[in-house]
Amino acid sequence: MAAPTIIAVTPAAEPAAGGTVAQLVGTNLDTSLTVTVGGTPATQVQVVSQFLARFTCPAHTAGGADVVATTTGGSATKTGGIAVSAPAPPAIASINPYIGPAAGGTPITIRGSGLASATGVTVGGTAATSFAVADAGTVTCTTPAKPVGPYNVIVQHPNGNATTANGYSYY
């Protein structure tokens with residue numbers, strides 16, 4: 001069997017979390033085909049014909065990722081075959097309520113985007129208590145005690161923190 005070739009990989013971009021079903025267009029594809037993206041094995045590799053295969057992209061770091069198709073006949077590389085986008089940082093759209101007593105203890109709901117993997121909330125640099133992720137767009141917590149005044153609210157997240165300047169005020 002001749003070595004495979006790669007003519008194109010679609011889509012040309014995917015998120016770093018992986019999970020995108022991609023297509024590889026080439027030649028000499030057979031049932032021995034394995035695919036790697038950025039050196040990590042793809043899953044659910046399905047050879048549709050000797051010219052087309054589908055696979056699920058693995059998670060990997062942001063940047064250009066080489067796609068390598070390997071069969072018993074050899075291998076082929078599409079350098080930078082898939083551009084991997086960095087995960088979007090979280091964003092805060094609203095804080096409700098946005099005001100409470102200096103004694104703390106006020107339950108608040110923070111709505112926004114990309115909050116599913118949030119790890120905590122701080123108000124004025126102090127960790128909130130009873131932190132919980134409700135869904136990808138909502139986190140809840142209880143405010144800590146702070147002196148009277150406005151404070152930044154920060155949702156901590158592995159992809160970067162989301163900050164609302166003076167997002168919560170104590171009275």
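Taken over segment 4-19, the criterion of being buried (at least 20 other Cβ atoms within 10 Å of the Cβ) and in a loop (DSSP other than H, G, I, E, B) is satisfied by Pro4 alone. Based on what the data block shows, is Ala59 in contact (Cβ under 8 Å) with a residue 24 or more places away in the chain, under 24 Å from Thr34 (Cβ atoms) and assigned to a strand (DSSP E or B)? So Ala59 fails the test. For segment 118-135, a tally of residues being surrounded by 14 or more Cβ atoms within 10 Å (Cβ to Cβ) and outside any strand (DSSP E or B) returns 3.
If you go through segment 71-110 one residue at a time, how many are buried (at least 17 other Cβ atoms within 10 Å of the Cβ), of a type outside the set (A, V, I, L, M) and part of a strand (DSSP E or B)? Result for segment 71-110: 4. For segment 136-171, the set of residues classified as closer than 18 Å to Arg111 by Cβ and exposed (fewer than 13 other Cβ atoms within 10 Å of the Cβ) consists of Ala165, Asn166, listed by residue number. Once segment 20-52 is narrowed to residues that are without any contact (Cβ under 8 Å) to a residue 40 or more places away in the chain, of a type outside the set (A, V, I, L, M) and part of a loop (DSSP other than H, G, I, E, B), the residue that is surrounded by the most Cβ atoms within 10 Å (Cβ to Cβ) is Thr20.
Count of segment 27-41 residues, restricted to those that are at pLDDT below 95 and of a type outside the set (S, T, N, Q), is 3.
The values are calculated or read from the model by the stated rules, or taken from the named source; none is laboratory data. Keep in mind that what you see is a predicted model, and the values were worked out from it rather than measured. So basically every Cβ, Gly included, is an ideal-geometry build from the backbone, and we count neighbours across all protein chains shown.
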